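Right, one structure below, let's go through it.
We did not get these values from a lab; they are worked out from the coordinates using the rules stated. Please read these numbers as outputs of a predicted model, since none were measured by experiment. Cβ coordinates were reconstructed from backbone atoms using ideal geometry, including for glycine residues, and neighbour counts include every protein chain displayed.
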Amino acid sequence: MTDSAKQPLLTLGDKQYAIDALNDQTKDLVQGLKVTDAQLRMTQDQLNVMKVARQALLDQLQEALKDEQPVAG
């Protein structure tokens, strides 16, 4: 394996950049994107949990209402 194969690369579109060769400001932008990507994954996981919980509550509500008389419909 060559040295260039070991270095971390940033792929943006169809281009790749050696992260170690970037200036500090650009490295900060890359780090910021990593943080936001992690936050997006965490938020998506939280949303999935809420969807499952909501469906469970709806199922329980339907079960609780099965013997009740609706006023319409």
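Tell me, what is a quarter of the convex hull surface for the C-alpha atoms of the chain, in nm² with one decimal?
On the way: hull surface 40.0 nm².
Value for the chain: 10.0 nm².
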- [ ] Measure nothing fancy, just the Cα-based angle from helix 24-65's long axis to the longest principal axis of the chain, in degrees from 0 to 90, nearest 10.
- [x] 10 degrees
Open item on the list: 7 Å from Cα along Cα→Cβ at both K34 and D59: what's the point-to-point distance in nm?
Closed with: 3.9 nm
